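First comes the structure, then the notes that go with it.
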């Protein structure tokens, strides 16, 4: 589903660029809003996929299937900070 959202936002940004090039400065919102949403999606995806293996990470009993990729993901947790990380189950 997120792929369609990204495609739609990219389409809106393309329309905004075209209108801005034609002198329609009122179309700036077609650049800013989709751009911010795209940044939020990219940030969410990169932090979700992040798998920081370091000292203090503990394997939990939580395993789930990623609905986008179908991969089984294991939840890792840092008990000192409560930070949670996800890595592909092997």
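Checking residue 60 against (1) assigned to a helix (DSSP H, G or I); (2) modelled with pLDDT of 75 or more, only one condition comes out false. Which one?
Condition not satisfied by residue 60: (1).
Given the options 44, 65, name the one that is modelled with pLDDT under 75 and under 18 Å from the mean Cα position of the chain (by Cα).
44
Taking the conditions exactly as written (surrounded by 13 or more Cβ atoms within 10 Å (Cβ to Cβ), out of contact with any helix residue (DSSP H, G or I) (no Cβ under 6 Å at 6 or more places or on another chain) and either outside the structural domain of residue 6 (by TED's automatic domain parsing) or modelled with pLDDT of 70 or more (or both)), does residue 87 satisfy them or not?
Yes, satisfied.
Looking only at residues that are over 24 Å from residue 3 (Cβ atoms) and surrounded by fewer than 12 Cβ atoms within 10 Å (Cβ to Cβ) in region 68-84, which one is modelled with the highest pLDDT?
82
The values are calculated or read from the model by the stated rules, or taken from the named source; none is laboratory data. Worth saying up front: this structure is predicted, and the values here are computed from it rather than measured. For neighbour counting, all protein chains shown are included, and Cβ atoms are generated from backbone atoms with ideal geometry for every residue, glycine included.
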